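To keep things clear, I will list the structure first and then write my remarks on it.
Every number here is computed from the coordinates shown, using simple stated rules; none is lab data. Not measured: the values here are computed from a predicted model. All Cβ positions, glycine included, derive from the backbone under ideal geometry; neighbour counts span all protein chains shown.
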Amino acid sequence: MLPWLGYSPKLDGCLRPNAHAYTHVAEIERDFNSSRTKEALAKRKAEGMKLGRPVGGAKNFKRDKHADKIDGYLAKGINKVAIAKLLDVSPNTLYEWLKVRRPGSAPAP
């Protein structure tokens, strides 16, 4: 017995059957969730609802509300990484916004 490691052979032997039962219950629940989801999607599709992500890009971006700030920073010559830090976003987020909203701006380094 190694009490400082939290290991007890007697306790380990008692939990093994329960752990197996819990695993089995979790598998059954996962299968139920899967079948319910498939049934609901099939029902929606049969009703004529389009499933999945809409085709095309987003019409509104969270950065649109900062467009004037971004344009001002770019006009002052502030680099894009610094602009991203000022807006508290990742540089990639800013680059993607610029690619869509300001296609003429310089590409990402």
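Overview of values
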{"item": "Distance (nanometres) between label positions extended 7 Å along Cα→Cβ at E47 and A75", "result": "4.9 nm"}
{"item": "Nearby aspartates and glutamates by direct alpha-carbon distance to K85 (threshold 19 angstrom, same-chain neighbours under 8 apart not counted)", "result": "D64, D68, D71, E96"}
{"item": "Qualifying lysines (Cα of each under 21 Å from Cα of K59; at least 8 residues distant if same chain)", "result": "K50, K69, K99"}
